1. How do the peptides 50-57, 204-211 rank, highest first, by the average count of neighbouring beta carbon atoms within 10 Å per residue?
2. Per residue of the chain, what 222 nm ellipticity follows from adding -39500 (n - 2.57) for every DSSP H run with n ≥ 4, rounded to the nearest 500?
3. Starting from the Cα gyration tensor of segment 149-311, multiply each eigenvalue by 5, take the square root, and state the resulting semi-axes largest first in whole Å.
4. Using per-residue counts of other Cβ atoms within 10 Å, averaged over each peptide, order 376-382, 345-351 from highest down.
5. Would you mind working out the magnitude of the charge dipole of segment 7-126 relative to its Cα centre, with +1 at each Lys and Arg C-beta and -1 at each Asp and Glu C-beta, to the nearest 20 Debye?
6. Classify segment 7-126 as rounded, prolate or oblate, taking a ≥ b ≥ c as the square roots of the eigenvalues of its Cα gyration tensor: rounded when a/c is under 1.5, otherwise prolate if a/b is larger than b/c and oblate if not.
7. Give the Rg (one decimal place) followed by the Dmax (whole number) of the chain, computed from C-alpha coordinates and expressed in Å.
8. If R₀ is 22 angstrom, what is the calculated FRET efficiency for the pair residue 264 and residue 303, using the beta carbon separation as r and rounding to 0.05?
Amino acid sequence: MPDKLRILIADDDRAIGRMLASLCEMEGYPFHLVTRGEAAIEALSTDPYDVVLSDIYMGDVSGLDVLEAARKSHPDVEVVIMTAHGSVETAVRAVRNGAFDYISKPFAVDSVLEILKRIEEKSRLLASSTLGSDLADELPDTEIIGTSAAMVAIYNKLARIAAIDSPVLVYGETGAGKELVARAIHRNSPRSSAPFVVINCGALTETLLEAELFGHEKGAFTGAVGARKGLFESAAGGTVFLDEVSETSLAFQVRLLRVIQEREIRRVGSNDTIDVDVRAVAATNRDLRRLVSKEQFREDLFHRLNVFTISLPPLRERLADLPVLASHFLKRYGEEYGREVRLLPEALAAMKAHPWPGNVRELKNVMERAFAFCDNGLIGVDDLELEPSGPASDDLEAENAPRNGSLEEMERDHILKTLRETGGNKKKAAEILGIERRTLYNKARRLGIDLKGAQA
């Protein structure tokens, strides 16, 4: 952009048009004034502008039409929508279509000046070293993002494992991307054209889990009004992803072992066996060897699942991937919301200093929130709303202090931190953690976390 913004004013209210024209003259902004939407679109096609100040209702061609035309012909043009009849619907359409701002009439002159100053500041900052979606354009079309040495090693291992029809055990903290790895194994395997079925073993009671996985016969239990296939049957020829496999009971693990080993199931309420052809990929954020030694997980099932293993590093151990991950999310949300947003250098530096207890899932949530609420197309440190990672200030903080422990200890720390952030609200904590409320109770009981004093 030049030193002074070139402004196109489009408004059929002549008084507003004259007021904005006078403002531009006083501030030294080159401008052009039109009173119809058609004239605004024509002006955009013939002359370069940096800013469009457009009323939303101007006859047959609206300000939203002007916005759409501006985004198509000049993606760098900033469009400000003005209206005397604002509504949630028009505001949502304007923002989603890439408007820089949306203001209601009557407005103060200072409000318009403040918007123009923000556009100038954005232009200045864009000239500095910001991060945008362009870095992600160089990546292949894949859900697993990362170019660090640790991730390249995982890609190489995944490529070899995918072609071999044996069980796989995926280790990783909450939010590290275990399901994405399982999907990649399936997608690159000979089973790729068959179903990929996800089973969250920690979200259901043992009885419901058996019925979901193995199916049931009519009358097997109250509510079983007819026979029903289980997920193993539904996944015939494909892959079953057993998430949180460590949360299953020892009794259930006996049945699970038989399915994986003999490739046959027995529906609840039936004595007959049914052959099933599936590949099992299991995932856990706990140390299964330790659970075996404590007799909390069956050794025979562990060895059956542990044919191949993939250990996903937490995000804090592959910070070199942060820029490309951030660029990936900027690209995704840019395509979804129809506008370009960039990340300021100081924001990226703050992200590299953050411990990311929720891993890539937490990063995704942070980027989506920052993308939605940054008001000038540039994400700064404040837009990230990162939790401070300073010294502990109370008992719960002390329990949550970082320590070099097992996956189980780190999981406990993360749950305690989330409970503190939500004021003990278990429902909200479960949503943030990306798990069912029942799963949170199971994990709390296993990890020795007291939920009795927490709010409902």
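Laboratory data are not the source of any read-out in this text; all were calculated from the coordinates shown. Quantities reported herein were computed from a predicted structural model and do not represent experimental measurements. All Cβ positions, glycine included, derive from the backbone under ideal geometry; neighbour counts span all protein chains shown.
1. Numbers: 50-57: 23.8, 204-211: 16.8.
By packing density, highest mean first, the sequence is 50-57, 204-211.
2. Working: 21 runs with 212 residues, N = 456.
-13500 deg cm²/dmol, from helical runs alone.
3. Values: eigenvalues 145, 67, 35 Å².
One finds semi-axes of 27, 18, 13 Å for segment 149-311.
4. Details: 376-382: 18.7, 345-351: 16.3.
Result, highest mean first: 376-382, 345-351.
5. Working: 12 positive and 21 negative charges, 48 e Å.
Using Cβ point charges on Lys, Arg, Asp and Glu, segment 7-126 gives about 240 debye.
6. On the way: a/c = 1.15, a/b = 1.09, b/c = 1.06.
Cα axes put segment 7-126 in the rounded bin.
7. Both quantities, over Cα of the chain: 27.9, 88 Å.
8. On the way: r = 20 Å, r/R0 = 0.89.
Given R0 = 22 Å and the Cβ-Cβ separation, E is 0.65.
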